[in-house]
Amino acid sequence: MKIKDKKFLVAALQELALHLKEEPKDDPIKLPLSIKRLGDESDLIKGVNAILHKLTNPSYTFSRCVNETFALFDQLSVFDKTCPAQLLVYCSSDSPIALAAKSEAARMKAPPPCWGATAGVGGFLPTNGYKSRIDSEYLSFMRENFLCAVYPPKDQLNSKFTIWHEVLHLLGLDDCYDENTLRRNCNCETCVMQYEPPSGVDENWPSPLCDNICDKQKEKLREFAEKVEQRCGAKNNS
Ligand SMILES: [Zn+2]
Ligand SMILES: [Zn+2]
């Protein structure tokens, strides 16, 4: 990844975090999001890179990669914290993880995940295997939405759309389009959870988030923010 793309990614994530915490001004969503670089934890980055490298073998699937990364996070006690930890991989559209995500979607007959894909942990890990470490409700949330790969095409590297769309999946939002027609099926014409950018939006889209997300998804974010507040807020204030 080029330095300028890294900078763009970080700025896009920080902007999203700000929107989720402080917007809309009259009634903020108040969802705290903290962004950390994996590179700051050497064991973790080594392990994740080793798993990503396995994807150069086409028989190693996207879901196996997600499952093994989850197991690695567990093994290194990344989950031994109050709040969920999730992983975003930002890469080129011809990287092994992007190819694996696309071929897995094709196998599952799902709509092609054009510029990014989010996955949870598949069925074969023991359902209760991690209960001892952290609260099971939080863990089940992470298991559903654990890792996203963002791989915009070269001419879209300066678009926040894919980054925000996939991160919002990590936060539990679903898509706002019909699986067959790929048409938007929500009440916001410029909703960030639709399949591709709508026509007529400028390069700032989907900013500000609160104007570019439908009521249904906004409600979900608020519910999630409340849950987080109940859990982490109580702990932080005590
Ligand atoms: Zn999506
Ligand atoms: Zn929507």
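The values are calculated or read from the model by the stated rules, or taken from the named source; none is laboratory data. Keep in mind the model is a prediction, meaning the values are calculated, not measured. When we count neighbours, we look across all protein chains shown, and the Cβ atoms used for this are built from the backbone with ideal geometry, even at glycine.
Taken over segment 154-171, the criterion of being at pLDDT 85 or above and not in a helix (DSSP H, G or I) is satisfied by LYS160, LEU171. Report yes if some residue within segment 38-55 is away from ligand 2 (no atom under 16 Å from the Cβ), at pLDDT 95 or above, more than 24 Å from GLY172 (Cα to Cα) and in a loop (DSSP other than H, G, I, E, B); otherwise report no. For segment 38-55, residues away from ligand 2 (no atom under 16 Å from the Cβ), at pLDDT 95 or above, more than 24 Å from GLY172 (Cα to Cα) and in a loop (DSSP other than H, G, I, E, B): present. Would you call ARG133 at pLDDT below 80, more than 12 Å from ligand 1 (Cβ to nearest atom) and among the basic types (Lys, Arg)? Judged against the criteria, ARG133 is a match.
When the residues of segment 172-190 are narrowed to those that are away from ligand 1 (no atom under 11 Å from the Cβ) and within 14 Å of LEU221 (Cβ to Cβ), which ends up modelled with the lowest pLDDT? Restricting to residues being away from ligand 1 (no atom under 11 Å from the Cβ) and within 14 Å of LEU221 (Cβ to Cβ), the top hit is GLY172. With respect to the conditions (1) part of a strand (DSSP E or B); (2) of a type in the set (Val, Ile, Thr); (3) touching an Asp or Glu at 6+ places or on another chain (Cβ under 9 Å), VAL78 lacks only one, and its number is (1). A Cβ distance below 7 Å, combined with a sequence gap of six or more or placement on separate chains, defines the contacts here; from segment 54-65, residues that are crowded, with 17+ Cβ neighbours inside 10 Å reach residues that are in a loop (DSSP other than H, G, I, E, B) in the pairs SER63/GLY122; CYS65/LEU55. Looking only at residues of segment 195-221 that are under 16 Å from LEU171 (Cα atoms) and part of a loop (DSSP other than H, G, I, E, B), we find that the one that is farthest from the chain's Cα centre (by Cα) is CYS214.
Restricting attention to segment 1-37, the residues that are of a type in the set (D, E, K, R), in a helix (DSSP H, G or I) and within 19 Å of SER159 (Cβ to Cβ) total 5.
For ALA117, state whether it is more than 21 Å from GLU166 (Cβ to Cβ) and at pLDDT 85 or above.
no
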